[in-house]
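Peer 1: Dumping the structure here so I can ask a few things about it.
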Amino acid sequence: MTTDTLLPTATYDLATTTTRELNAALHATEAPASVEVANPQGAHALACGLNRPIDVRIDGHVGYYAAGMNQHAHVTIDGNAGVGVAENMMSGSVRVTGDASQAAGATAHGGLLVIEGNAAARCGISMKGVDIVVGGDIGHMSAFMGQAGRLVVLGDAGEALGDSLYEVRIYVRGSVASLGADCVKKEMRPEHIVELQELLDAAGFDADPAEFTRYGSARQLYHFHVDNASAY
């Protein structure tokens, strides 16, 4: 059996290093324990498929699918992120200090995604166990077909929030433009206050859980019924 060796630290400058070379270094047997990435210049697919407990800090804006399929690693993006940041993440954490484009955390199964700014449309689409905490607003169709996990929004939510929701729990502090099919406002019980406080603490946000409203599934779309045909 080969035991991976983590070297102390490493710095990569994408002005002179390619995305392929960076990702190969992060996946190498002798991977660094921490990595600083300079001049990302909106490159796509940075730090994807990581499967070890390393820290990666990207100093600048990234393109599509940054930190996708993450396992165990902790990735910080000091800037904005393009479509599909942390897509299909399994564990670990991804933090975006700026804004995120569409489909942030799409299909993600676990871990924690923190977006300090705003997230565009379809944030958490088909999420399957991930925790997503957004410091600003989220766009339309967020948590569409969300199956498991928690979505926390400190700002406002766009139209059709939680459309065709399964068991995702959604907490929104601001206003909601409209709720999607089968998504309803729910009671904020003491256990939800505790859960939300834990999520806010994990994300590093100072907010009062009592200011949030909880939304979830009415469980009317689990099985087809002709009376609900217009909602499909």
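The values are calculated or read from the model by the stated rules, or taken from the named source; none is laboratory data. A quick note: this is a predicted structure, and the numbers were derived from the prediction, not measured. For neighbour counting, all protein chains shown are included, and Cβ atoms are generated from backbone atoms with ideal geometry for every residue, glycine included. Surface areas here come from the heavy atoms of the whole protein model, side chains and all, with no ligands, DNA or RNA. Shrake-Rupley method; radii C 1.70, N 1.55, O 1.52, S 1.80 Å.
Peer 1: Can you sort Tyr171, Tyr215, Tyr12 by 1.4 Å-probe accessible area, starting with the largest? Don't skip to the end; give the middle numbers.
Peer 2: Working: Tyr171 0, Tyr215 25, Tyr12 50 Å².
Final ranking, largest accessible area leading: Tyr12, Tyr215, Tyr171.
Peer 1: Right, here's the next one. At 7 Å along Cα-to-Cβ for each site, give me the label-to-label distance between Asp206 and Thr18 in nm.
Peer 2: In this crude spin-label approximation the distance works out to 4.7 nm.
Peer 1: Return the Rg/Rh ratio of the chain with Cα-based radii and a Kirkwood Rh.
Peer 2: On the way: Rg = 18.3 Å, Rh = 17.9 Å.
Result: Rg/Rh = 1.03.
Peer 1: Counting only heavy atoms of protein chains, what accessible area per residue, in Å², does segment 1-102 have with a probe of 1.4 Å?
Peer 2: Values: 4860 Å² over 102 residues.
Per residue, segment 1-102 has 48 Å² of solvent-accessible surface.
Peer 1: Which shape class, rounded, prolate or oblate, goes with segment 16-89 when its Cα gyration tensor gives a ≥ b ≥ c as root eigenvalues, a/c under 1.5 marks rounded, and past that a/b bigger than b/c marks prolate? If you can, show how the numbers build up before the last one.
Peer 2: Values: a/c = 1.57, a/b = 1.20, b/c = 1.30.
Cα axes put segment 16-89 in the oblate bin.
Peer 1: Scan the chain and hand back the longest stretch that contains none of the GluC sites (Glu not before Pro) lying in DSSP loops with at most 14 other Cβ atoms within 10 Å.
Peer 2: On the way: sites that count: Glu30, Glu167, Glu187.
Free of exposed loop sites, the longest segment is 31-166.
Peer 1: Sticking with this structure for a sec: Using only the Cα atoms of segment 103-143, build the gyration tensor, take square roots of its eigenvalues as a ≥ b ≥ c, and label the shape rounded, prolate or oblate: rounded if a/c is under 1.5, else prolate if a/b is larger than b/c, else oblate. Walk me through the intermediate numbers first.
Peer 2: Values: a/c = 2.76, a/b = 1.26, b/c = 2.19.
Oblate, since a/c reaches 1.5 and b/c is not below a/b.
Peer 1: Considering only protein heavy atoms and a 1.4 Å probe, what is the carbon-and-sulfur percentage of the accessible area of the chain? Could the numbers behind the result be given before it?
Peer 2: Numbers: 5210 of 10400 Å².
C and S atoms contribute 50 percent here.
Peer 1: For every helix of n ≥ 4 consecutive DSSP H residues, a contribution of -39,500 (n - 2.57) applies; sum these over the chain, divide by its total residues, and give [θ] at 222 nm rounded to the nearest 500 deg cm²/dmol. Could the numbers behind the result be given before it?
Peer 2: Values: 2 runs with 23 residues, N = 232.
When only DSSP H runs of four or more count, the value is -3000 deg cm²/dmol.
Peer 1: Kirkwood Rh over Cα pairs of segment 56-158 into Stokes-Einstein at 4 °C, 1.567 mPa s: D in µm²/s? The partial results should precede the final answer.
Peer 2: Details: Rh = 12.4 Å.
After rounding, the answer is 105 µm²/s.
Peer 1: How big is the charge dipole of the chain about its Cα centre, in debye rounded to the nearest 20, if each Lys and Arg gets +1 on its Cβ and each Asp and Glu gets -1 on its Cβ?
Peer 2: Details: 14 positive and 27 negative charges, 108 e Å.
Roughly 520 debye for the chain.
Peer 1: Here is a follow-up. Sum up the charges of everything whose Cβ sits under 13 Å from the Cβ of Gly155, counting Lys and Arg as +1 and Asp and Glu as -1, but leave Gly155 out.
Peer 2: -4
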